[in-house]
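The values are calculated or read from the model by the stated rules, or taken from the named source; none is laboratory data. Being a predicted model, the structure only gives us computed values, none of them experimental. Because the Cβ atoms are built from the backbone with ideal geometry, glycine has one as well, and the counts that use them run over all protein chains shown. Surface accessibility is based on the protein's heavy atoms, side chains included, excluding ligands, DNA and RNA. Shrake-Rupley method; radii C 1.70, N 1.55, O 1.52, S 1.80 Å.
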Amino acid sequence: EITSLLSLYGGQFSGEQEIHVNSPFWILNIPSEDMARGLMKRTVCAKSVFELWGHGMSAEKLYASLKSYPMDKMIPYLQPDSTYKIHIHTFNKTLTQAQKIKKIDALEFLPFRGKVNLKNPEHIFWILEDYGMDPNNVPGEPFHLYFGRWIADGQRELIESYSVKKRHFIGNTSMDACLSFIMANHGRVKPNDVVYDPFVGTGGLLISSAHFGAYVCGTDIDYNTIHGLGKASRKNQKWRGPDENIRANLRQYGLEQYYLDALVSDSSRPIWRKGMLFDAIITDPPYGIREATRRMGSQKDTVKSAERSTENHIFVSSSYHLSDIFFDLLKFAAEYLVMGGRLVYWLPIYRPEYTEEIIPRHPCLKLISNCEQMLSSHTSRRLITMEKVKEFKDQDQDSYLLDGQYLPYRGHNSFREKYFSGVTKRIAKEEKDNQK
(Lines give C-alpha, C1' and ligand atoms only; values in the text may rest on other atoms or scores of the structure.)
Protein backbone atom coordinates (compact mmCIF):
# COMPACT_ATOMS: atom_id res chain seq x y z
CA GLU A 1 0.00 0.00 0.00
CA ILE A 2 2.75 2.45 0.97
CA THR A 3 4.74 1.71 -2.19
CA SER A 4 1.69 2.36 -4.38
CA LEU A 5 0.94 5.64 -2.62
CA LEU A 6 4.57 6.74 -2.86
CA SER A 7 4.41 6.19 -6.63
CA LEU A 8 1.20 8.24 -6.70
CA TYR A 9 2.39 11.17 -4.56
CA GLY A 10 6.14 11.03 -5.14
CA GLY A 11 8.84 9.52 -2.96
CA GLN A 12 10.56 6.21 -2.36
CA PHE A 13 11.92 3.94 0.34
CA SER A 14 15.26 4.86 1.85
CA GLY A 15 18.31 2.79 0.95
CA GLU A 16 18.51 1.95 4.66
CA GLN A 17 15.09 0.30 4.52
CA GLU A 18 16.64 -3.08 3.62
CA ILE A 19 18.39 -3.07 7.01
CA HIS A 20 15.08 -2.76 8.87
CA VAL A 21 12.99 -5.30 6.96
CA ASN A 22 11.38 -6.71 10.12
CA SER A 23 10.86 -3.36 11.81
CA PRO A 24 7.51 -1.57 12.16
CA PHE A 25 9.35 1.71 11.52
CA TRP A 26 10.16 2.63 7.92
CA ILE A 27 12.42 5.38 6.58
CA LEU A 28 11.04 7.06 3.46
CA ASN A 29 12.44 9.73 1.15
CA ILE A 30 9.56 12.15 0.46
CA PRO A 31 10.33 15.44 -1.36
CA SER A 32 8.00 17.66 0.66
CA GLU A 33 5.83 17.79 3.77
CA ASP A 34 2.75 18.33 1.58
CA MET A 35 3.43 15.01 -0.18
CA ALA A 36 3.81 13.30 3.19
CA ARG A 37 0.44 14.71 4.30
CA GLY A 38 -1.12 13.56 1.02
CA LEU A 39 0.15 10.03 1.61
CA MET A 40 -1.25 9.98 5.15
CA LYS A 41 -4.66 11.14 3.94
CA ARG A 42 -4.87 7.83 2.07
CA THR A 43 -3.11 5.08 4.01
CA VAL A 44 -4.93 2.77 6.40
CA CYS A 45 -1.78 0.73 7.11
CA ALA A 46 0.55 3.45 8.42
CA LYS A 47 -0.17 5.02 11.79
CA SER A 48 1.85 8.27 11.60
CA VAL A 49 4.59 10.01 9.65
CA PHE A 50 7.40 12.10 11.16
CA GLU A 51 10.15 14.38 9.93
CA LEU A 52 13.23 12.39 10.98
CA TRP A 53 15.78 14.49 12.87
CA GLY A 54 18.00 11.68 14.06
CA HIS A 55 18.27 7.92 14.60
CA GLY A 56 20.74 5.29 15.76
CA MET A 57 21.18 1.80 17.16
CA SER A 58 21.84 3.16 20.66
CA ALA A 59 20.96 6.25 22.69
CA GLU A 60 24.48 7.65 22.19
CA LYS A 61 24.26 7.23 18.41
CA LEU A 62 20.81 8.85 18.40
CA TYR A 63 22.17 11.89 20.29
CA ALA A 64 25.15 12.13 17.93
CA SER A 65 22.80 11.97 14.95
CA LEU A 66 20.62 14.75 16.43
CA LYS A 67 23.64 16.98 17.03
CA SER A 68 24.61 16.66 13.37
CA TYR A 69 21.09 17.56 12.11
CA PRO A 70 21.18 21.00 10.39
CA MET A 71 20.27 23.72 12.89
CA ASP A 72 18.50 25.80 10.23
CA LYS A 73 15.96 22.97 9.83
CA MET A 74 15.35 22.81 13.59
CA ILE A 75 15.05 26.54 14.39
CA PRO A 76 11.55 27.17 12.88
CA TYR A 77 10.07 24.70 15.41
CA LEU A 78 12.06 25.81 18.47
CA GLN A 79 11.11 29.51 18.63
CA PRO A 80 10.43 31.20 22.02
CA ASP A 81 6.82 32.02 21.07
CA SER A 82 6.02 28.37 20.17
CA THR A 83 4.68 25.51 22.29
CA TYR A 84 5.66 21.86 22.16
CA LYS A 85 5.55 18.46 23.84
CA ILE A 86 7.53 15.24 23.52
CA HIS A 87 5.95 11.78 23.26
CA ILE A 88 7.67 8.41 23.71
CA HIS A 89 6.47 5.34 21.83
CA THR A 90 8.06 1.94 22.43
CA PHE A 91 7.25 -0.98 20.19
CA ASN A 92 7.09 -4.37 21.97
CA LYS A 93 7.90 -2.93 25.40
CA THR A 94 6.21 -0.83 28.10
CA LEU A 95 8.17 1.82 30.01
CA THR A 96 7.34 3.33 33.38
CA GLN A 97 6.60 7.04 33.62
CA ALA A 98 9.92 7.57 35.40
CA GLN A 99 11.79 5.88 32.53
CA LYS A 100 10.00 8.07 30.00
CA ILE A 101 10.83 11.28 31.87
CA LYS A 102 14.47 10.23 32.10
CA LYS A 103 14.66 9.71 28.31
CA ILE A 104 13.00 13.08 27.66
CA ASP A 105 15.38 14.86 30.05
CA ALA A 106 18.33 13.35 28.17
CA LEU A 107 17.35 15.53 25.18
CA GLU A 108 18.06 18.79 27.05
CA PHE A 109 20.97 19.49 24.67
CA LEU A 110 18.41 20.32 21.96
CA PRO A 111 17.83 24.09 21.82
CA PHE A 112 14.11 24.10 22.75
CA ARG A 113 13.20 27.73 23.56
CA GLY A 114 9.41 27.46 23.54
CA LYS A 115 7.03 26.50 26.33
CA VAL A 116 5.82 23.00 27.11
CA ASN A 117 2.09 22.53 26.45
CA LEU A 118 0.79 19.01 27.01
CA LYS A 119 -2.83 19.69 25.98
CA ASN A 120 -2.62 21.71 22.76
CA PRO A 121 0.99 22.11 21.58
CA GLU A 122 1.94 23.76 18.32
CA HIS A 123 4.66 21.19 17.63
CA ILE A 124 4.81 17.55 18.73
CA PHE A 125 8.04 15.55 18.85
CA TRP A 126 8.34 11.78 19.26
CA ILE A 127 10.99 9.39 20.52
CA LEU A 128 10.39 6.02 18.84
CA GLU A 129 12.09 2.87 20.13
CA ASP A 130 12.11 -0.50 18.38
CA TYR A 131 12.42 -3.53 20.67
CA GLY A 132 11.91 -6.09 17.90
CA MET A 133 8.99 -8.27 16.85
CA ASP A 134 9.29 -11.14 19.34
CA PRO A 135 7.13 -10.57 22.47
CA ASN A 136 8.76 -13.60 24.12
CA ASN A 137 12.28 -12.26 23.73
CA VAL A 138 12.29 -8.54 24.51
CA PRO A 139 15.83 -7.07 24.69
CA GLY A 140 16.95 -4.80 27.52
CA GLU A 141 17.89 -2.03 25.11
CA PRO A 142 16.15 -1.11 21.81
CA PHE A 143 17.50 -2.29 18.47
CA HIS A 144 16.95 1.15 16.99
CA LEU A 145 15.88 4.61 18.17
CA TYR A 146 14.36 7.49 16.20
CA PHE A 147 13.54 11.12 17.01
CA GLY A 148 11.38 13.32 14.81
CA ARG A 149 8.67 15.94 14.43
CA TRP A 150 5.13 14.63 14.01
CA ILE A 151 3.55 15.61 10.67
CA ALA A 152 0.30 13.64 10.25
CA ASP A 153 -1.62 10.50 11.20
CA GLY A 154 -2.96 7.88 8.81
CA GLN A 155 -6.60 7.02 8.16
CA ARG A 156 -7.04 4.14 10.58
CA GLU A 157 -10.38 5.58 11.73
CA LEU A 158 -11.86 4.77 8.31
CA ILE A 159 -11.84 1.07 9.27
CA GLU A 160 -14.36 1.76 12.03
CA SER A 161 -16.44 4.45 10.32
CA TYR A 162 -16.92 2.27 7.19
CA SER A 163 -17.32 -0.99 9.11
CA VAL A 164 -19.48 -3.61 7.39
CA LYS A 165 -21.30 -4.09 10.71
CA LYS A 166 -22.83 -0.62 10.33
CA ARG A 167 -23.50 -0.85 6.58
CA HIS A 168 -27.04 -0.65 5.28
CA PHE A 169 -26.74 -3.29 2.50
CA ILE A 170 -24.48 -6.33 2.94
CA GLY A 171 -24.04 -9.80 1.46
CA ASN A 172 -22.40 -13.07 2.46
CA THR A 173 -19.00 -11.95 1.18
CA SER A 174 -19.00 -8.16 1.66
CA MET A 175 -15.38 -7.04 1.77
CA ASP A 176 -13.87 -5.88 5.07
CA ALA A 177 -13.52 -2.07 5.15
CA CYS A 178 -9.77 -2.12 5.86
CA LEU A 179 -9.07 -4.44 2.92
CA SER A 180 -11.33 -2.35 0.65
CA PHE A 181 -9.27 0.77 1.31
CA ILE A 182 -6.01 -1.13 0.89
CA MET A 183 -7.24 -2.36 -2.52
CA ALA A 184 -8.21 1.18 -3.59
CA ASN A 185 -4.74 2.39 -2.59
CA HIS A 186 -3.09 -0.49 -4.48
CA GLY A 187 -5.11 0.63 -7.50
CA ARG A 188 -3.86 4.23 -6.99
CA VAL A 189 -7.43 5.47 -7.20
CA LYS A 190 -7.61 9.27 -7.37
CA PRO A 191 -10.31 11.94 -7.85
CA ASN A 192 -12.26 11.77 -11.14
CA ASP A 193 -11.03 8.26 -11.99
CA VAL A 194 -13.57 5.74 -13.27
CA VAL A 195 -13.34 2.52 -11.26
CA TYR A 196 -15.07 -0.72 -12.27
CA ASP A 197 -15.85 -3.96 -10.40
CA PRO A 198 -16.98 -6.85 -12.66
CA PHE A 199 -18.08 -8.93 -9.62
CA VAL A 200 -19.64 -6.03 -7.76
CA GLY A 201 -21.96 -7.96 -5.38
CA THR A 202 -23.16 -5.51 -2.74
CA GLY A 203 -20.66 -2.86 -3.86
CA GLY A 204 -18.29 -2.87 -0.90
CA LEU A 205 -15.26 -2.18 -3.10
CA LEU A 206 -16.99 0.74 -4.81
CA ILE A 207 -17.36 2.59 -1.50
CA SER A 208 -13.62 2.91 -0.80
CA SER A 209 -12.92 4.17 -4.33
CA ALA A 210 -15.78 6.67 -4.11
CA HIS A 211 -14.38 7.90 -0.78
CA PHE A 212 -11.22 8.92 -2.67
CA GLY A 213 -13.27 10.84 -5.26
CA ALA A 214 -13.53 8.26 -8.07
CA TYR A 215 -16.68 7.57 -10.08
CA VAL A 216 -17.69 3.95 -9.61
CA CYS A 217 -19.67 1.31 -11.46
CA GLY A 218 -19.97 -2.45 -11.55
CA THR A 219 -21.67 -5.54 -12.93
CA ASP A 220 -22.77 -8.85 -11.48
CA ILE A 221 -24.56 -11.90 -12.84
CA ASP A 222 -26.85 -12.09 -9.80
CA TYR A 223 -30.05 -10.17 -10.59
CA ASN A 224 -31.33 -10.24 -7.00
CA THR A 225 -28.11 -8.80 -5.55
CA ILE A 226 -27.94 -5.95 -8.06
CA HIS A 227 -31.57 -5.02 -7.39
CA GLY A 228 -31.46 -5.63 -3.63
CA LEU A 229 -34.02 -8.45 -3.70
CA GLY A 230 -34.31 -11.86 -2.07
CA LYS A 231 -33.09 -13.22 1.25
CA ALA A 232 -31.09 -10.98 3.56
CA SER A 233 -27.59 -11.85 4.77
CA ARG A 234 -28.02 -10.00 8.05
CA LYS A 235 -28.81 -11.99 11.17
CA ASN A 236 -32.45 -11.91 12.34
CA GLN A 237 -33.61 -10.48 9.00
CA LYS A 238 -35.39 -12.76 6.54
CA TRP A 239 -35.82 -10.59 3.42
CA ARG A 240 -34.03 -7.53 2.09
CA GLY A 241 -35.86 -4.23 2.49
CA PRO A 242 -37.01 -2.04 -0.44
CA ASP A 243 -34.10 0.40 0.05
CA GLU A 244 -31.29 -2.16 0.41
CA ASN A 245 -29.08 -1.66 -2.64
CA ILE A 246 -25.67 -0.38 -3.72
CA ARG A 247 -26.88 3.19 -4.23
CA ALA A 248 -28.23 3.27 -0.66
CA ASN A 249 -24.79 2.23 0.67
CA LEU A 250 -23.09 5.11 -1.14
CA ARG A 251 -25.83 7.47 0.05
CA GLN A 252 -25.19 6.30 3.63
CA TYR A 253 -21.64 7.68 3.43
CA GLY A 254 -22.50 10.83 1.44
CA LEU A 255 -20.93 9.42 -1.75
CA GLU A 256 -24.00 9.00 -3.99
CA GLN A 257 -22.74 11.64 -6.46
CA TYR A 258 -19.89 9.26 -7.41
CA TYR A 259 -22.20 6.35 -8.26
CA LEU A 260 -22.56 5.72 -12.01
CA ASP A 261 -24.55 2.47 -12.08
CA ALA A 262 -24.58 -1.27 -11.48
CA LEU A 263 -25.71 -3.63 -14.23
CA VAL A 264 -26.75 -7.27 -14.45
CA SER A 265 -24.11 -8.80 -16.69
CA ASP A 266 -21.97 -11.88 -17.20
CA SER A 267 -18.27 -11.09 -16.75
CA SER A 268 -17.30 -13.77 -19.29
CA ARG A 269 -19.16 -11.82 -21.99
CA PRO A 270 -18.11 -8.16 -21.80
CA ILE A 271 -20.89 -5.71 -22.61
CA TRP A 272 -18.69 -2.65 -23.13
CA ARG A 273 -18.04 -1.15 -26.54
CA LYS A 274 -14.47 -0.98 -27.83
CA GLY A 275 -12.58 1.97 -26.44
CA MET A 276 -14.46 2.08 -23.15
CA LEU A 277 -11.65 2.67 -20.68
CA PHE A 278 -11.37 2.37 -16.90
CA ASP A 279 -8.69 3.91 -14.71
CA ALA A 280 -8.80 0.95 -12.32
CA ILE A 281 -10.49 -2.44 -12.04
CA ILE A 282 -10.80 -3.51 -8.41
CA THR A 283 -12.61 -6.76 -7.65
CA ASP A 284 -12.97 -9.89 -5.56
CA PRO A 285 -13.95 -12.77 -7.89
CA PRO A 286 -16.17 -15.55 -6.46
CA TYR A 287 -14.28 -18.72 -5.50
CA GLY A 288 -17.29 -21.06 -5.68
CA ILE A 289 -17.51 -21.46 -1.88
CA ARG A 290 -19.78 -18.86 -0.31
CA GLU A 291 -20.67 -17.41 -3.71
CA ALA A 292 -21.24 -19.59 -6.77
CA THR A 293 -19.09 -19.22 -9.88
CA ARG A 294 -21.57 -18.86 -12.73
CA ARG A 295 -21.75 -17.60 -16.26
CA MET A 296 -24.38 -17.50 -18.96
CA GLY A 297 -24.96 -20.70 -20.90
CA SER A 298 -27.29 -21.91 -23.64
CA GLN A 299 -29.61 -24.85 -24.07
CA LYS A 300 -26.79 -26.62 -25.92
CA ASP A 301 -24.50 -26.30 -22.92
CA THR A 302 -24.53 -28.69 -20.01
CA VAL A 303 -27.21 -27.08 -17.94
CA LYS A 304 -26.35 -26.55 -14.30
CA SER A 305 -29.53 -24.75 -13.30
CA ALA A 306 -32.31 -22.63 -14.69
CA GLU A 307 -33.23 -19.55 -12.76
CA ARG A 308 -36.07 -17.08 -13.01
CA SER A 309 -35.75 -13.48 -11.86
CA THR A 310 -38.58 -11.36 -10.55
CA GLU A 311 -38.92 -9.82 -14.03
CA ASN A 312 -39.70 -13.23 -15.56
CA HIS A 313 -36.40 -13.23 -17.40
CA ILE A 314 -35.05 -16.77 -17.67
CA PHE A 315 -31.39 -17.53 -18.17
CA VAL A 316 -29.37 -20.71 -18.05
CA SER A 317 -26.16 -20.74 -16.05
CA SER A 318 -23.29 -23.14 -16.59
CA SER A 319 -20.19 -23.86 -14.49
CA TYR A 320 -17.48 -21.23 -14.65
CA HIS A 321 -14.06 -22.69 -13.91
CA LEU A 322 -11.95 -20.62 -11.53
CA SER A 323 -9.02 -20.60 -13.95
CA ASP A 324 -11.33 -19.22 -16.65
CA ILE A 325 -12.57 -16.48 -14.32
CA PHE A 326 -9.03 -15.18 -13.83
CA PHE A 327 -8.13 -15.57 -17.50
CA ASP A 328 -11.23 -13.59 -18.56
CA LEU A 329 -10.52 -10.95 -15.90
CA LEU A 330 -6.95 -10.37 -17.10
CA LYS A 331 -8.04 -10.30 -20.73
CA PHE A 332 -10.72 -7.74 -19.92
CA ALA A 333 -8.29 -5.59 -17.93
CA ALA A 334 -5.72 -5.69 -20.72
CA GLU A 335 -8.30 -4.43 -23.20
CA TYR A 336 -10.30 -1.91 -21.16
CA LEU A 337 -7.82 -0.35 -18.73
CA VAL A 338 -6.18 2.96 -19.61
CA MET A 339 -2.42 2.80 -20.07
CA GLY A 340 -0.93 2.77 -16.57
CA GLY A 341 -4.29 1.72 -15.09
CA ARG A 342 -4.29 -1.00 -12.47
CA LEU A 343 -6.07 -4.31 -11.88
CA VAL A 344 -6.40 -5.36 -8.22
CA TYR A 345 -7.97 -8.70 -7.27
CA TRP A 346 -7.81 -11.60 -4.80
CA LEU A 347 -6.41 -15.01 -5.77
CA PRO A 348 -7.17 -18.07 -3.52
CA ILE A 349 -4.14 -20.22 -2.75
CA TYR A 350 -3.41 -23.67 -1.26
CA ARG A 351 -0.13 -22.85 0.46
CA PRO A 352 1.68 -26.25 0.36
CA GLU A 353 1.38 -26.33 -3.45
CA TYR A 354 1.75 -22.60 -4.15
CA THR A 355 4.37 -21.33 -6.58
CA GLU A 356 4.58 -17.96 -8.36
CA GLU A 357 3.90 -19.71 -11.69
CA ILE A 358 0.29 -20.16 -10.56
CA ILE A 359 -0.36 -16.40 -10.76
CA PRO A 360 -2.17 -15.67 -14.05
CA ARG A 361 -0.23 -13.38 -16.40
CA HIS A 362 -0.97 -11.40 -19.55
CA PRO A 363 1.48 -9.77 -21.99
CA CYS A 364 -0.18 -6.36 -21.52
CA LEU A 365 -0.09 -6.45 -17.72
CA LYS A 366 2.90 -6.14 -15.38
CA LEU A 367 2.78 -7.74 -11.93
CA ILE A 368 3.31 -4.94 -9.38
CA SER A 369 2.70 -6.64 -6.05
CA ASN A 370 1.67 -9.99 -4.58
CA CYS A 371 0.59 -9.79 -0.91
CA GLU A 372 -0.60 -12.71 1.18
CA GLN A 373 -3.52 -12.77 3.62
CA MET A 374 -3.47 -15.92 5.74
CA LEU A 375 -6.80 -17.73 6.09
CA SER A 376 -5.54 -20.89 7.80
CA SER A 377 -2.35 -22.91 8.10
CA HIS A 378 -2.90 -24.36 4.62
CA THR A 379 -4.96 -21.78 2.76
CA SER A 380 -4.59 -18.09 2.02
CA ARG A 381 -5.47 -15.58 -0.62
CA ARG A 382 -3.15 -13.22 -2.42
CA LEU A 383 -3.88 -9.63 -3.28
CA ILE A 384 -2.59 -9.31 -6.84
CA THR A 385 -1.89 -5.86 -8.30
CA MET A 386 -1.11 -5.51 -12.01
CA GLU A 387 -0.51 -2.47 -14.19
CA LYS A 388 -1.23 -2.06 -17.89
CA VAL A 389 2.08 -1.43 -19.65
CA LYS A 390 1.28 -2.31 -23.27
CA GLU A 391 -1.54 -1.45 -25.67
CA PHE A 392 -3.93 -4.34 -26.25
CA LYS A 393 -3.82 -5.90 -29.73
CA ASP A 394 -5.71 -8.76 -31.36
CA GLN A 395 -2.79 -11.17 -30.89
CA ASP A 396 -3.05 -10.62 -27.12
CA GLN A 397 -6.67 -11.81 -27.13
CA ASP A 398 -6.10 -15.38 -25.92
CA SER A 399 -2.73 -15.86 -24.28
CA TYR A 400 -1.30 -16.89 -20.92
CA LEU A 401 2.18 -17.24 -19.46
CA LEU A 402 3.85 -20.65 -19.15
CA ASP A 403 7.56 -21.22 -18.61
CA GLY A 404 8.34 -17.63 -19.49
CA GLN A 405 6.41 -17.68 -22.78
CA TYR A 406 2.92 -16.46 -23.70
CA LEU A 407 1.01 -19.31 -25.31
CA PRO A 408 -2.55 -19.66 -26.69
CA TYR A 409 -5.09 -20.25 -23.93
CA ARG A 410 -6.70 -23.71 -24.10
CA GLY A 411 -9.91 -23.24 -22.16
CA HIS A 412 -10.79 -25.66 -19.38
CA ASN A 413 -7.72 -27.83 -19.97
CA SER A 414 -5.33 -25.04 -19.02
CA PHE A 415 -2.51 -25.96 -16.65
CA ARG A 416 -4.07 -23.89 -13.83
CA GLU A 417 -7.55 -25.39 -13.85
CA LYS A 418 -6.63 -28.49 -11.90
CA TYR A 419 -4.80 -26.41 -9.28
CA PHE A 420 -7.65 -23.95 -8.71
CA SER A 421 -10.25 -26.71 -8.58
CA GLY A 422 -8.23 -28.28 -5.79
CA VAL A 423 -7.91 -24.91 -4.00
CA THR A 424 -11.69 -24.44 -3.99
CA LYS A 425 -12.32 -27.93 -2.60
CA ARG A 426 -9.70 -27.54 0.15
CA ILE A 427 -10.93 -24.11 1.27
CA ALA A 428 -14.53 -25.40 1.28
CA LYS A 429 -13.50 -28.41 3.39
CA GLU A 430 -11.68 -26.19 5.90
CA GLU A 431 -14.70 -23.90 6.18
CA LYS A 432 -16.95 -26.89 6.94
CA ASP A 433 -14.45 -28.18 9.52
CA ASN A 434 -14.33 -24.74 11.16
CA GLN A 435 -18.12 -24.59 11.32
CA LYS A 436 -18.23 -28.00 13.00
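Just a few scattered comments:
- Unmet requirement for Asp130, which otherwise passes all of (1) touching a residue at least 12 places away in the same chain (Cβ under 8 Å); (2) in contact with a Phe, Trp or Tyr (Cβ under 7 Å, 6 or more places away or on another chain); (3) surrounded by fewer than 15 Cβ atoms within 10 Å (Cβ to Cβ): (3)
- Some residue of region 162-179 being in contact with a helix residue (DSSP H, G or I) (Cβ under 9 Å, 6 or more places away or on another chain), surrounded by fewer than 18 Cβ atoms within 10 Å (Cβ to Cβ) and aliphatic (A, V, I, L, M): yes
- Qualifying positions in region 239-256 - assigned to a helix (DSSP H, G or I), under 23 Å from the mean Cα position of the chain (by Cα) and not basic (Lys, Arg): Ile246, Asn249, Leu250, Gln252, Glu256
- Taken residue by residue, region 106-124 has at least one member that is of a type in the set (Val, Ile, Thr), under 30 Å from Lys41 (Cβ atoms) and open to solvent by 80 Å² or more (accessible area, probe 1.4 Å).
- When Asp220 is tested against (1) in contact with a Leu (Cβ under 9 Å, 6 or more places away or on another chain); (2) closer than 25 Å to Thr43 by Cβ; (3) open to solvent by 10 Å² or more (accessible area, probe 1.4 Å), exactly one condition is not met: (2).
- Filtered residues of region 3-51 (kept if open to solvent by 70 Å² or more (accessible area, probe 1.4 Å), of a type in the set (Val, Ile, Thr) and modelled with pLDDT of 90 or more): Thr3
- A search for C-beta distances below 8 Å between a residue of region 232-244 that is on the phi < 0 side of the Ramachandran plot and any residue that is open to solvent by 40 Å² or more (accessible area, probe 1.4 Å) and assigned to a strand (DSSP E or B), counting only pairs 6+ apart in sequence or on different chains, returns Ala232/Trp239; Lys238/Lys231; Trp239/Lys231; Arg240/Lys231.
- Inclusion of Leu128 among residues that are assigned by the TED database to the domain that holds Trp53, of a type outside the set (Ser, Thr, Tyr) and either touching a Cys at 6+ places or on another chain (Cβ under 9 Å) or within 29 Å of Pro76 (Cα to Cα) (or both) is warranted.
- Qualifying residue in region 114-125 (condition: without any contact (Cβ under 8 Å) to a residue 60 or more places away in the chain and closer than 30 Å to Met386 by Cβ): no
- Scope region 363-382; condition part of a strand (DSSP E or B) and not charged (D, E, K, R); matching residues: Leu365, Leu367, Ile368, Ser369, Asn370, Cys371, Gln373, Met374, Thr379, Ser380
- Take the conditions (1) under 30 Å from Gln252 (Cβ atoms); (2) surrounded by 16 or more Cβ atoms within 10 Å (Cβ to Cβ); Ile86 misses just one of them, which is (1).
- Any hit, region 46-60, residues being without any contact (Cβ under 8 Å) to a residue 24 or more places away in the chain, not assigned by the TED database to the domain that holds Leu367 and not aliphatic (A, V, I, L, M): yes
- Asn185 vs. criteria at pLDDT below 95, polar (S, T, N, Q) and crowded, with 22+ Cβ neighbours inside 10 Å: no
- The number of residues in region 234-287 being of a type in the set (S, T, N, Q) and either touching a Ser or Thr at 6+ places or on another chain (Cβ under 6 Å) or open to solvent by less than 20 Å² (accessible area, probe 1.4 Å) (or both) comes to 3.
- Only one of the numbered conditions (1) open to solvent by less than 50 Å² (accessible area, probe 1.4 Å); (2) part of a strand (DSSP E or B); (3) closer than 22 Å to Met175 by Cα is violated by Ala333, and that is (2).
- Within region 143-160, restricting attention to residues that are open to solvent by 30 Å² or more (accessible area, probe 1.4 Å) and touching a Lys or Arg at 6+ places or on another chain (Cβ under 9 Å), the residue that is farthest from Asn92 (Cα to Cα) is Glu160.
- A count restricted to region 205-222 and to residues that are within 14 Å of the chain's Cα centre (by Cα) and either part of a loop (DSSP other than H, G, I, E, B) or modelled with pLDDT under 95 (or both) stands at 1.
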